[in-house]
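Working notes, beginning with the structure itself.
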Amino acid sequence: MNYYIADLHFGFERVLVIDKLDVESVEKRNKLVVARWNSVVKDDDDVYIAGDIMWETATQDKAFEIVKQLNGRKHLAVGNHDKMTSDEFKTCFISIEGFYDIIDNGKPVFVSHYPIMFYPHQHRGGYMVYGHVHKSHEYHHILKWSDELYCEGITSNMFNVGCMLKGIDFTPRTLDELIKIREENRV
């Protein structure tokens with residue numbers, strides 16, 4: 001089974017403010033992520049992390065301790081804050097790439113930290129999984145643009161898998177779950 005998630009920023013205190021989270025501390029947030037992750041991901045599952053597992057080298061040690069607790073085979077599409085200097089930390093991942101172009105149950109999926117408006121396989125029913133924009137104004141622009149294309153009959157199957165978003169709820173999600181979340185929230 002393949003799962004997707006982004007913008008975990010393990011060990012970074014300000015993420016509570018940036019994401020406007022109602023969680024008492026970053027430690028409680030981190031424990032919540034580990035519990036929810038491990039409740040769905042099994043050791044033989046693949047998890048594609050669309051970037052920002054940490055907040056640069058300042059939180060590398062904290063992030064390493066948390067990532068070691070997570071089930072599954074982890075693949076990291078490097079984000080702008082993933083500045084890993086520890087070779088030991090890198091061993092937590094099956095692969096570390098700039099992006100992934102994979103097939104998930106016969107469906108093409110492009111995984112990148114950054115949203116790409118025109119992504120590979122878009123016009124052939126493909127999907128784009130990304131992070132980076134959290135719940136920001138950029139994210140709302142992407143949703144508006146994507147919905148405009150959808151209304152014009154142009155496929156734009158883009159999914160922000162930021163862990164803090166409603167529907168993701170700090171839990172890695174399958175492609176089928178992402179499709180369902182998107183359809184339930186489409187106006």
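A few notes on this one:
- Size of electric dipole in the stretch 38-110: Cβ of Lys, Arg +1 and of Asp, Glu -1, about Cα centre, debye, nearest 20: 80
- Of the chymotrypsin sites (Phe, Trp or Tyr not before Pro) in the stretch 87-184, the ones in a loop by DSSP (not H, G, I, E or B) with at most 13 other beta carbons within 10 Å are 118.
- Modelled spin labels at residue 24 and residue 42, positioned 7 Å past Cα toward Cβ, are 3.5 nm from each other.
- Karplus-derived 3J(HN,Hα) values for the stretch 102-117, using 6.51 cos²θ - 1.76 cosθ + 1.60 with θ = phi - 60°, are 10, 10, 10, 6, x, 10, x, 10, 9, 10, 8, 5, 9, x, 10, 4 Hz; glycine and proline are entered as x.
- Folded to 0 to 90 degrees: helix 175-185 orientation relative to the chain principal axis, Cα: 60
- Neighbourhood charge, 12 Å Cβ-Cβ cut-off, centred on residue 133 and excluding it, Lys, Arg +1 and Asp, Glu -1: -3
- Low-density loop positions, trypsin sites (Lys or Arg not before Pro), the stretch 1-85 - DSSP coil, at most 12 other Cβ in 10 Å: 14, 20, 42, 68
- Potential lengthening of the chain between residue 87 and residue 32 amounts to 17.2 nm, from the contour at 0.36 nm per residue minus the alpha-carbon distance.
- Between the amide H of residue 127 and those of 109, 110, distances stay under 5 Å, these residues lying 5 or more places away or on another chain, with hydrogens modeled in the peptide plane.
- Under the Karplus curve 6.51 cos²θ - 1.76 cosθ + 1.60, θ = phi - 60°, whole-Hz ³J(HN,Hα) for the stretch 120-130, x wherever Gly or Pro sits: x, 6, 4, 8, 10, x, x, 10, 10, 10, 8
- Between amide H atoms placed 1.01 Å from N, distances below 5 Å from residue 47 occur with 3, 73, 74, 75, all of them 5 or more places distant or on a separate chain.
- FRET efficiency for residue 102 and residue 180, using Cβ-Cβ distance with R0 set to 22 Å, rounded to 0.05: 0.65
- For the chain, the dipole from Cβ point charges (+1 on Lys and Arg, -1 on Asp and Glu) about the Cα centre works out to 220 debye, to the nearest 20.
- Restricting the stretch 1-95 to GluC sites (Glu not before Pro) in coil, as DSSP defines it, with at most 12 other Cβ within 10 Å: 24
- Acute angle (nearest 10 degrees) that the helix 137-151 long axis makes with the longest principal axis of the chain, alpha-carbon atoms: 30
- Solvent-accessible area, 1.4 Å probe, carbon plus sulfur percent, for the stretch 1-76: 49
- Inter-label distance, nm, simple model (7 Å from Cα along the C-beta direction), residue 118/residue 143: 2.6
- Crossing angle, helix 26-40 versus the chain [Cα axis fit, 0-90 degrees, rounded to tens]: 60
- Selection from 80, 108, 41, by position along the positive dipole direction of the stretch 39-135 (Cβ): 108
The values are calculated or read from the model by the stated rules, or taken from the named source; none is laboratory data. Note that this is a predicted model, so its numbers are computed, not measured. Positions of Cβ are backbone-derived with ideal geometry, glycine not excepted, and every protein chain shown enters the neighbour counts. The protein model used for the area step is the full one, side chains on, heavy atoms only, and it has no ligands, DNA or RNA in it. Shrake-Rupley method; radii C 1.70, N 1.55, O 1.52, S 1.80 Å.
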